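Enquirer: Sharing a structure, written as structure tokens. Questions coming.
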Amino acid sequence: MKTSPQKTPALNTPGQAMRAGTVALVGRANVGKSTLLNALLGEPIAIISPHPQTTRDVVRGVLTRDDAQYVFLDTPGLHAPRSLLGERMNRSARGAIRDADAVVLMVDASGGHEADLALAAELGPLARTVLAINKVDRVAEKALLLPLLDRFGKSAELAAIVPVSAKRAEGLEPLLAEIRALLPEQPRLFEPDTLSDQPVRFFVGEIVREQILKHTRQEVPHGVAVVVERFDESGKTPQIEVSIHVAREAHTKILVGAKGNMLKAIGMAARARIERMLGRKVRLQMRVRATPGWMDDQERLRALGYGQD
């Protein structure tokens, strides 16, 4: 996926060597990793919802500046897995940590820090971790952050600690400056106008799943997998066929809705997002199928695109 280059100022003075590398965005579920990625890129390429474990695959986004290129890896939230899918998501996140040039550990300023402190201590010895304390806009008294900063500073060997608000796009420049210092000096890894190297059909599937997450409640979103069966751009109007797999037979009726109204609403919203991404009209067809137990079945996971880390 490509777009026009980001029109953002350089962080450093002209003449400095180009730095480029991969940056893993890691942390517990719902700390704001995907929101941060979208804010950094200025484009909503990562889907967002209030449901835990929304991100299931590593989403790659590229930000190019005059003197640096950041290849961000938005990872699934680290959690106590309850299924083979959850185990696969954790392996995916830890694989990104292992392979990245720099790591951004995101934590929520409002709480849950014992698990964060343990993760920070685990990542600290890598000597390439920046701690991003997110949602600081929710903290009325900023002085209350000082004990938290002190705890993290004492518990882990961190390259830097940066308070940010991903939702408000605040603190991003200081964060980028700290990340840049950890990247190797080397040429760009991608062309300057690259937004992501992942295929468009990947984002089509994610957009459909995002609309399912927005329109459904309770346990339905956790058991949904989306597969793009056909993406045909040979004609004037791209033809897209999508299969939506649900973990329980009862969820099929919920997702389709009375007289098909739920599925129609999801399809209309997804099509609008896809058309904005592609810049042209598309034809989107969706089918709902019950695939019981797919989250704990290795063969079904592979068939639905979750078989490899």
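Enquirer: What order, most packed first, do the peptides 238-246, 45-53 have when packing is the mean number of other Cβ atoms within 10 Å of each residue?
Expert: 238-246, 45-53
Enquirer: Is the range 19-180 rounded, prolate or oblate when judged by the Cα gyration tensor, a ≥ b ≥ c being the square roots of its eigenvalues, rounded requiring a/c under 1.5 and prolate requiring a/b larger than b/c?
Expert: rounded
Enquirer: For a Förster distance of 25 Å, can you work out the FRET efficiency between the beta-carbons of Asp99 and Ala160, rounded to the nearest 0.05?
Expert: For R0 = 25 Å, the calculated efficiency reads 0.75.
Enquirer: Let me ask something additional. Would you work out which of Asn90, Met106, Pro147 lies farthest towards the positive end of the dipole of the range 19-180? Charges go on Cβ: Lys and Arg +1, Asp and Glu -1.
Expert: Asn90
Enquirer: Between 0 and 90 degrees, rounded to the nearest ten: what's the tilt of helix 113-123 against the longest Cα principal axis of the chain?
Expert: Helix 113-123 and the main axis of the chain meet at about 70 degrees.
Enquirer: Relative to the longest principal axis of the chain, what angle (0 to 90°, nearest 10) does the C-alpha long axis of helix 84-99 take?
Expert: Approximately 30 degrees, to the nearest 10.
Enquirer: A further question follows. Using a simple charge model, +1 on the beta-carbon of Lys and Arg, -1 on the beta-carbon of Asp and Glu, nothing else, what dipole does the chain show about its Cα centre, in debye to the nearest 20?
Expert: Value, rounded to 20: 1260 debye.
Enquirer: Alpha carbon centre of the range 121-157 versus the range 234-309: separation in Å?
Expert: 39
Enquirer: Here is a follow-up. Which residue, Ala169, Ala29, Ala120, tops the fluctuation ranking in a GNM of the chain built on C-alpha contacts under 10 Å?
Expert: Answer for the Gaussian network model of the chain: Ala169.
Enquirer: What are the residues whose amide H is under 5 Å from the amide H of Ala68, where those residues sit 5 or more places off or on another chain and H is modelled from the backbone?
Expert: Hits under the 5 Å cutoff: Arg19.
Enquirer: Assuming R0 = 45 Å, what is the FRET efficiency of Thr252 and Ala118, from their Cβ-Cβ distance, to the nearest 0.05?
Expert: The pair Thr252/Ala118 has a calculated efficiency of 0.65.
Enquirer: Considering only the range 19-180, what is the antiparallel percent among its DSSP beta bridges, to the nearest 5? Write down the numbers at each step before the final one.
Expert: Numbers: 7 of 29 bridges.
Bridges in the range 19-180 are about 25 percent antiparallel.
Enquirer: Note down the net charge around Asp101, summing +1 for each Lys or Arg and -1 for each Asp or Glu among other residues with Cβ under 10 Å from its Cβ.
Expert: Taking every Cβ under 10 Å from that of Asp101, the sum is +1.
Enquirer: Next question. Can you give the helix-only mean residue ellipticity at 222 nm for the chain, where every DSSP H stretch with n ≥ 4 adds -39500 (n - 2.57) and the sum goes over all residues, rounded to the nearest 500 deg cm²/dmol?
Expert: Helices in the chain give a 222 nm mean residue ellipticity of -10500 deg cm²/dmol.
Enquirer: I'd like to compare 137-149, 279-291: which one has the highest average count of other Cβ atoms within 10 Å, and what's the full order after that?
Expert: Listed from highest to lowest mean packing, they are 279-291, 137-149.
Enquirer: Using the Karplus equation 6.51 cos²θ - 1.76 cosθ + 1.60 (θ = phi - 60°), what ³J(HN,Hα) coupling, rounded to whole Hz, does each residue of the range 220-236 give in order, writing x for Gly and Pro?
Expert: My calculation for the range 220-236 gives 4, x, 5, x, 9, 10, 10, 10, 7, 7, 8, 9, 10, 9, 5, x, 5 Hz in order.
All of the numbers you see were taken from the coordinates with simple rules; none came from a lab. The structure displayed is predicted, hence computed values, not measured ones. Virtual Cβ from ideal backbone geometry, glycine too; neighbours counted across all protein chains shown.
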